[in-house]
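Below you'll find the structure, written out as structure tokens, and then a few comments.
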Amino acid sequence: MGEYTYSELGSILAMQGFAGISLFSVLLLMALGLAIIFGQMGVINMAHGEFMAVGAYTTYFLSVLTEQYLPSLMPYYFIFAIVIAFLVAGVLGYLAEFALIRHLYKRPLDTLLATWGLSLIMQQSFRSIFGAREVSPTLPEWLLGSYQPTETIDIPLNGIFVLVLTGVVTLGVFYLLYKSSWGLRVRATTQNRVMSGAVGINTKKVDRYTFALGCGIAGIAGAAFTTIASTGPTTGSLYIVDTFMVVVFGGAASLFGTIVSAFTIAQTQSILEFFISGSMAKVYTLFALVLILMFKPEGLFASKVRR
Amino acid sequence: MNFVYEKLFGGKQGFIGLLILAALILIVFPLFFDIFRLNLIGKYLTYAFAAVSLVLLWGYGGTLSLGQGIFFGLGGYGMAMFLKLEASSAENTSIQSTPGIPDFMDWNQITELPWFWVPFNSFTLTLIAILTIPALFAYIIGAAMFKRRVGGVYFAIITQVIAVILTILIVGQQGFTGGINGITDLRTLNGWDITSDSAKYIFYFINCGLLIAVIIASRFILTSKFGSLLLAMRDKEDRVRFSGYDVSNFKIFVFCFAALISAIGGALFTLQVGFMSPSFVGIVPSIEMVIFAAVGGRMSLIGAVYGTLLVNAGKTAFSESFPELWLFLMGGLFISVVMFFPNGLAGLWDDYGHYVTRHFSFLSTLKNKLFKKSPSIALEAANDSNVSEQQMTKL
């Protein structure tokens, strides 16, 4: 590290730290959806990455549509794309729950296999519809460029946008789960399904909407993802393991834990990435996670849920 | 004799099943397929080791490991390292800047054989390594997890992450492992050309023999008291624990045994296919091994072999002619096997098999004839594989 001066090192730390924050945003958006599905319902959704890809492809599709038919709306389409990505992924999630997941609630390991099958089908669908090449939407002008607080620090605008988006979505999820009457029903179902049914909560309906919400958030993650990287048919599967680690490490059923763990994992990885190769950074990060989980299997913030 | 019959072969049904399988892979396949296809079947049968291990671990033990590829890979890499060292003797590699080390090390500016490669100069040490290292690795993972009562979904995810770590490590450390291409150009085993047709035949039969031995050993475990405990643990873990058994130790044992079996499969894979690469270690192969076991029937050791053969044959056939359709089909297979046939082919056979035997009434007469007397007569059934064949095609 001798060849860097202190101020340069500080700038590197700030920029890598911000790169980490971009990774954190995407991981957190992915993990939020998964934390709802896995933490609240105990369902392993291996197709979660593909729901993210649905969001990303929706954004791409809308960008192509807007460019062809309504070029004047180009600066604004992205906002709509986020909403539509949420809706498309959410509706698909709703259908998946209806057709597949609801039959398997008592067999978590089988859910894992079935959703893996679903993810294969979705991947091949992406490939058949959009082609095997990676695609990326045309981003509006205001997402390009960067913000330079000092000479050496260079922070990309899309990173800031994704961070803000993540903040909004996280607050929204918190509000839904902890302040709304719907969230109350979700939490009640998590804590005691039979009792919730007895007091008149339609637990099946709660399950279906919870799953749809989780998938919808994955769709938002996909829309956000397009601002940072290009999307291919297997993009989703690249992030699924990391996302699961975020949720497990944070402690399932603890949204706060998910945030902390997404931050820790993303920062560790991107700061390590500067000093050693990207692949080794990932190895060390994952290895440290596995080690910690071996000693503390319940994750950072254990849930006090009676199963 | 009766003890052997009941314990090792699993009684009448298990014995017939094993005979049919043995006849199929030892007699029918070699007669009907050329060496190229037979070698391919041999490759599939190495996956069957992993599938059988998953029947023990998942079907009976109730712990799903999404990391059997780790152990398959460790076994395969162990064998590949030995073969690679033999292929990179000083005279074969005299054009390299450092002769006597594998070519990919030379390309990555490594000038000395790394310490963990040194034991693989000896065939005996290699065999010991293949049989112990994966099991030891499984012991470490298993002890850390099961002692803390981590199981079910968490165990599945963590084994999957370990498979990811290992893959990234192998791909990233190109100089030590051969990177994404893996360890290739393996030619001889103790001076014996492994790419020749005769060697391929011999490996195929060794493979079949070991697979049958593994099935018998697994059957022995399952029919013993340990097998009943395994089932009891799967269904009511707490009750077994309260009865005074140390549940974690049983789980660790079965995990280690499963790792050992998978590693043997991996080593045989390297010998028959002639290379080993990280694409047989990661998430996708590991989860495919689960689907082999699931299609065959997660509760059936023999079914797992058929499941492996069927899925792989389908994969080869489809990816040759309709590569686009294959993933749809595979995905559909995952979903339907979970939703509609949770016990796989073996379950279908149990439910509908008697229709088949009824239509072939001579089969049941034959069965009665064979099994009225002592079981030793049943050995003759091995020669009667034609009959068994029909049964198979129906299945």
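Structure values in brief
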item: Leading residue by the ranking (nearest to the chain's Cα centre (by Cα)) among those in the stretch B:292-327 that are hydroxyl-bearing (Ser, Thr, Tyr) and in a helix (DSSP H, G or I); result: B:THR308
item: Filtered residue count, the stretch B:329-373, keeping only those that are modelled with pLDDT of 70 or more and either more than 14 Å from every other protein chain (Cβ to nearest Cβ) or in a helix (DSSP H, G or I) (or both); result: 24
item: Among the residues listed as B:THR132, B:THR126, the single one being more than 18 Å from B:PHE257 (Cα to Cα), within 21 Å of the chain's Cα centre (by Cα) and more than 9 Å from chain A (Cβ to nearest Cβ); result: B:THR126
item: Residues (among the small types (Gly, Ala, Ser) and within 21 Å of the chain's Cα centre (by Cα)) located in the stretch A:257-277; result: A:GLY257, A:SER261, A:ALA262, A:ALA266, A:SER270
item: Matching option when the condition is loosely packed, with under 14 Cβ neighbours inside 10 Å, away from chain B (no Cβ under 14 Å) and on the phi > 0 side of the Ramachandran plot, among A:GLY131, A:GLY145, A:GLY167; result: A:GLY145
item: Candidate set from the stretch B:160-178 (those that are buried (at least 24 other Cβ atoms within 10 Å of the Cβ) and within 13 Å of B:GLN68 (Cβ to Cβ)); member that is farthest from the other protein chains (Cβ to nearest Cβ); result: B:ALA163
item: In the stretch B:228-244, the residues that are within 21 Å of B:ALA51 (Cβ to Cβ) and surrounded by fewer than 19 Cβ atoms within 10 Å (Cβ to Cβ); result: B:LEU231, B:ARG234
item: Options A:GLY214, A:GLY219: the member that is out of contact with any Asp or Glu (no Cβ under 9 Å at 6 or more places or on another chain), assigned to a helix (DSSP H, G or I) and within 23 Å of A:VAL64 (Cβ to Cβ); result: A:GLY219
item: Search result, residues across the stretch A:277-301 that are hydroxyl-bearing (Ser, Thr, Tyr) and either in contact with a strand residue (DSSP E or B) (Cβ under 6 Å, 6 or more places away or on another chain) or more than 9 Å from chain B (Cβ to nearest Cβ) (or both); result: A:TYR284, A:THR285
item: One residue from B:PHE255, B:PHE269, B:PHE242, B:PHE250 being touching a residue at least 24 places away in the same chain (Cβ under 8 Å) and more than 15 Å from the chain's Cα centre (by Cα); result: B:PHE250
item: The stretch B:245-291 - residue that is outside any helix (DSSP H, G or I) and either within 14 Å of chain A (Cβ to nearest Cβ) or in contact with a strand residue (DSSP E or B) (Cβ under 8 Å, 6 or more places away or on another chain) (or both) and, of those, surrounded by the fewest Cβ atoms within 10 Å (Cβ to Cβ); result: B:PHE275
item: Residues (in contact with a Leu (Cβ under 8 Å, 6 or more places away or on another chain) and within 7 Å of chain B (Cβ to nearest Cβ)) located in the stretch A:101-117; result: A:LEU109, A:ASP110, A:LEU112, A:ALA114, A:GLY117
item: Matching option when the condition is assigned to a helix (DSSP H, G or I), touching a helix residue (DSSP H, G or I) at 6+ places or on another chain (Cβ under 7 Å) and within 25 Å of A:THR235 (Cβ to Cβ), among A:VAL168, A:VAL162, A:VAL186; result: A:VAL162
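The values are calculated or read from the model by the stated rules, or taken from the named source; none is laboratory data. All values derive from a computational prediction rather than experimental measurement. Using ideal geometry, Cβ is built from the backbone for each residue, glycine included, and neighbour counts are taken over all protein chains shown.
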